[in-house]
1. May I ask you to list the residues in the range A:13-37 that are hydrophobic (A, V, I, L, M, F, W, C), more than 7 Å from chain B (Cβ to nearest Cβ) and closer than 30 Å to B:A51 by Cβ?
2. Taking interchain pairs and intrachain pairs at least six residues apart, which have beta carbon atoms under 7 angstrom, with the first residue in the range B:31-46 and under 19 Å from A:L131 (Cα atoms) and within 11 Å of chain A (Cβ to nearest Cβ) and the second surrounded by fewer than 20 Cβ atoms within 10 Å (Cβ to Cβ) and not hydroxyl-bearing (S, T, Y)?
3. When both residues are 6+ apart or on different chains and their Cβ atoms are under 8 Å apart, which pairs have a first residue that lies in the range B:101-122 and is charged (D, E, K, R), and a second that is at pLDDT below 80?
4. Can you find, within the range A:42-54, the residue that is nearest to the chain's Cα centre (by Cα) among those that are among the charged types (D, E, K, R) and modelled with pLDDT of 90 or more?
5. Filter the range B:173-200 down to the residues that are more than 14 Å from chain A (Cβ to nearest Cβ) and over 16 Å from the mean Cα position of the chain (by Cα), then identify the one that is modelled with the lowest pLDDT.
6. Answer yes if at least one residue in the range B:25-33 is part of a helix (DSSP H, G or I), β-branched (V, I, T) and in contact with a helix residue (DSSP H, G or I) (Cβ under 6 Å, 6 or more places away or on another chain), and no otherwise.
7. Please enumerate the residues belonging to the range B:9-27 that are within 27 Å of A:M128 (Cβ to Cβ), more than 8 Å from every other protein chain (Cβ to nearest Cβ) and either among the charged types (D, E, K, R) or surrounded by fewer than 17 Cβ atoms within 10 Å (Cβ to Cβ) (or both).
8. Within the range A:120-174, which helices (runs of 4 or more DSSP H) (wholly inside it) include 1 or more residues that are surrounded by fewer than 21 Cβ atoms within 10 Å (Cβ to Cβ) and touching a residue at least 60 places away in the same chain (Cβ under 8 Å)?
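The values are calculated or read from the model by the stated rules, or taken from the named source; none is laboratory data. These numbers come from a predicted model, not from an experiment. Glycine also receives a Cβ, built like all others from the backbone with ideal geometry; neighbour counts cover every protein chain displayed.
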Amino acid sequence: MKPAPRGTTGAAPFTRLLEMLRPDLLRFACWLARDRSVAEDVVQETLIRAWRSREELKDPAAARPWLFTIARREHARLYERKRLPTVDVDSVEALGDPALASEGDAALHDLRGAIMQLPDEYREPLVMQVLGGFSTAEIAGELGLTQAAVLTRLFRARNRLRTIYGLEPAEDVE
Amino acid sequence: MSTPDCRHARLHIGAAPHELPAEVTSHLAGCAECRRFHDETVSLDARLRSALEVPLSRFRQPPPRTRRFALAASVVLALLVAGGAWLLNPRPALAGDVASHVIHEAGSWDKQQVLSGADIDAVLHQAGVKYDSSMPVVYAMACPFHGRQVPHLVVQTAEGPMTVMLLMHEKIAARSEFSEHGFRGVLLPAGDGAVAVLSRGAAPSESLQREIVAGVN
């Protein structure tokens, strides 16, 4: 007889953990995919993979970056496998609720729009860093880049957003 | 930017303002220009975080779901058997909408004075909802939500103040917990509709959830 699962990997605690983290995971996937329906598919696949691999998660505190990593890989895999069309930056409409947009902070809305329009190579590490809490070394490892390349991408991502925030762009880096 | 040190510092500041190497921190102590750049970037980052932590409801909902790629039937079955049936239910945007609503009525949490039965009844009547709270109600407002007036209450409980939204026009299939905008909460089927219970601290206990739902039934 198989021993009963214990700790995080038990079915019920693990399910609760996934339920709790699902909104953050979906938000992360939305920013990566710029398309909610694709993001929901990514999250669905992520949760299934996480469920199958739940024995690997030893520390519940590490669940968030663990899930985000799975989601990022799943997102990349989805694009490789399905050859999904890339999103035309001029037609990005992910933030499309006009009622909420007018209710909220217009500057924040503009900033969201600018993040949406960042090229994937800038947006992905930025979202991993700010929303996912990954260090530059972790991002480099995950994206298969040097840490210097990650620093450059993050610098350029923020530099593009500075003007939206009313700041002068900094001199570009080599 | 003038010196190689400044260029090096700004690369790190612009890339990772919260992860600066020691030499950049030292440089900042003696370079006012880079310090200003750092302060600006930290300020930008706070806005950036707010922007990225967008309520899920702001991401356009997909059309009625047609799966873009099928799951292997064996995996689905395994998940169902393992008690993971919840995975197959598309998460309602309802939780995000409720949390977004509550975040805009931040003052409601600080109310202390217990409202009279007449005050509460007036709000319930305005929303066309019946509810019998067993706990003191310190805030009651009929709020526009999804095109209806819904009672938005704050009740004092042994677990601290809880926001209760009586969503009698919302159908949900099952209880689901959520965590949005710093709130922990739960959506509960109640009567013909739903009740949302939100806390700023720990999620409401199951006994408290039952007690709140009992007011509907």
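1. A:L17, A:L18, A:L21, A:L25, A:F28, A:A29, A:L32, A:A33
2. Correct list of pairs: B:L44/A:R162; B:L44/A:L167.
3. B:E105/B:C143
4. Among them, the one singled out is A:E45.
5. This residue is B:A173.
6. No, that holds for no residue.
7. B:H18, B:P21, B:A22, B:E23, B:T25
8. A:120-130, A:136-143
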